[in-house]
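The values are calculated or read from the model by the stated rules, or taken from the named source; none is laboratory data. As the structure is a computational prediction, the values presented were derived from the model and not from experiment. As a convention, Cβ positions derive from the backbone with ideal geometry for all residues, glycine included, and neighbour counts pool all protein chains shown. Just the protein is used for accessible areas: all its heavy atoms, side chains included, with ligands, DNA and RNA removed. Shrake-Rupley method; radii C 1.70, N 1.55, O 1.52, S 1.80 Å.
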Amino acid sequence: MPDLQSLKQAIASSMPSVRQNLERLVRIPSVSFEGFDPENVRRSAEATRDILDAAGMRTRILQVDGAHPAVVGRLEPPPGAPTVLLYAHHDVQPEGPIDRWTSPPFEPVERDGRLYGRGAADDKSGIAVHEAAVRAWGGRPPVGVTVFVEGEEEWGSPNLGKFLDQYRGELRADTVILADSGNWRTGQPGLTISLRGIVACDVEVRTLDHAVHSGEFGGPVPDALTVLAKTLATLHDERGNVAVAGIARGKADPLDLTEEELRKQVGLRPTTKLIGEGGITDRMWMKPAISILGIDAPKITESTNQLVPSARARVSMRIPPGQDADAAMRSLAEHLRTHVPWGAEVSITPRGAGKPYKLEGQGAPYDAMRRAMKEAFGRDAVFMGAGGTIPFVADFAKSFPKATLLLTGAGDPFSNAHSEDESVDLKDLELSTLAEALFFEYLAAR
């Protein structure tokens, strides 16, 4: 059985090949959203299958009706050893505005020790970590390993439950590592133990049957954009706290995050103030947050001197652990409905929900992973929350209620997931791989 130094050397020597495979995946624009070419998602699944196969696993592509393809790779456990399920996803977000990228989104480029490209962090780095950890053991780790790579996570994993039901026998495991989160900061590992949920809806307001001349009728007649703006402004109080009634709020470990570090992580403009009250981690992990994701209205370049008759916005609310998603949706819709001014017509269309989740953070698998992360990074792992939503956590918990779930990832606060110039720190990618490879040994020993 290899020791720590042998694993380090094996992983270091394999990283050029692992990086090459990650770059191969990044070059495939595997956007799973409707309206994008599904063939790219299939190409990504096929590339993932080939990569796992080359790492020594028995692999195949999984399919259920109406879903993008997933991939599974398997290594049977030694006698008496547990089995670990390693999750990642091979689909990615759309690239967004191309002119905001420093380099082309689907052409991987290294700058200052980071690999840039859409999916480099979220979540093709997860595939890279799993592949490299298996390779480090020469394809014969001391535990059983099943790698499951989904192809629909970025639009909410709508068919994951079907995959878990249909292929339950192949995917059953004692411990599940969900590699779709990240580290506390570059060079410092993290284990995510809480996730906010999400509810979203479209709100449309109408004041007129049709557009009319803004000079002739402006004054007594309200336009829909002004109505919408006033409605959306009621979602926060004057301090920036969410004003929707009845939403749960909690406390989080403040850890060592400062406002200065947060401002640097997100690129907050110098004069822009933080909003809301309470600790920073409270506001990011254990309190609700509302964002306006988009507005349907005339573009400035297409605008004319008219009163706009209708306008629509998509409203997204993150909800903390302890909050029921259905109740949150009702509260959000009721708030919007009752705060539309001047008697304008309003319609609310729900656009989906994801449950918040709290992990235990205890037991032998957590002990093994914390030990492995400390050995790999040379620093203790941080138990952290995440403000984002990962709906599949609840799916895995439901399908495998006796398995321990661990939420990890190779990304960091500068990875810019879902935005331009997404990247992964290449050293953290290597250290995350070492931690996962060591975890196999420490879990087997327990």
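Checking Gly156, Gly161, Gly190 one by one, the residue that is touching a residue at least 60 places away in the same chain (Cβ under 8 Å) and open to solvent by less than 20 Å² (accessible area, probe 1.4 Å) is Gly190 and no other. Looking across Asp209, Asp202, Asp174, one residue alone is closer than 23 Å to Pro288 by Cα and of a type in the set (Asp, Glu). It is Asp202.
Of all residues in the stretch 268-284, those being touching a strand residue (DSSP E or B) at 6+ places or on another chain (Cβ under 9 Å), in a helix (DSSP H, G or I) and of a type outside the set (A, V, I, L, M) number 2.
Per the listing Thr389, Thr408, the residue uniquely of a type in the set (Val, Ile, Thr), under 27 Å from Ala325 (Cβ atoms) and open to solvent by 20 Å² or more (accessible area, probe 1.4 Å) is Thr389. Within the stretch 368-413, being modelled with pLDDT under 95 and β-branched (Val, Ile, Thr) holds for Thr389, Ile390, Val393. Among the numbered conditions (1) surrounded by fewer than 12 Cβ atoms within 10 Å (Cβ to Cβ); (2) closer than 17 Å to Ile198 by Cβ, the only one that Thr272 does not meet is (2). Restricting Val143, Val109, Val199 to those that are buried (at least 24 other Cβ atoms within 10 Å of the Cβ) and either of a type outside the set (S, T, N, Q) or under 20 Å from Gly411 (Cβ atoms) (or both) reduces the list to Val199. So, in the stretch 299-327, of the ones that are free of Cβ contacts under 8 Å to residues at least 24 places away in the same chain and not in a loop (DSSP other than H, G, I, E, B), which residue ends up nearest to Gly387 (Cα to Cα)? Here the residue is Ile300.
Yes or no: the stretch 25-44 includes at least one residue that is touching an Asp or Glu at 6+ places or on another chain (Cβ under 8 Å) and part of a strand (DSSP E or B). For the stretch 25-44, residues touching an Asp or Glu at 6+ places or on another chain (Cβ under 8 Å) and part of a strand (DSSP E or B): present. Within the stretch 248-265, residues that are at pLDDT 95 or above have Cβ atoms under 7 Å from residues that are outside any loop (DSSP other than H, G, I, E, B) and surrounded by fewer than 16 Cβ atoms within 10 Å (Cβ to Cβ) in no pair, counting only partners at least 6 apart in sequence or on another chain. Name the residue that is nearest to Pro220 (Cα to Cα), counting only residues in the stretch 335-348 that are in contact with a strand residue (DSSP E or B) (Cβ under 8 Å, 6 or more places away or on another chain) and open to solvent by less than 60 Å² (accessible area, probe 1.4 Å). Ranking the candidates gives Ala344 first. When residues in the stretch 196-239 are screened for being assigned to a strand (DSSP E or B), of a type in the set (Val, Ile, Thr) and closer than 28 Å to Asp324 by Cβ, 4 of them pass.
Scanning the stretch 47-68 for residues that are farther than 20 Å from Val129 by Cβ and either in contact with a Cys (Cβ under 9 Å, 6 or more places away or on another chain) or open to solvent by 60 Å² or more (accessible area, probe 1.4 Å) (or both) gives Arg60, Gln63, Asp65, Gly66.
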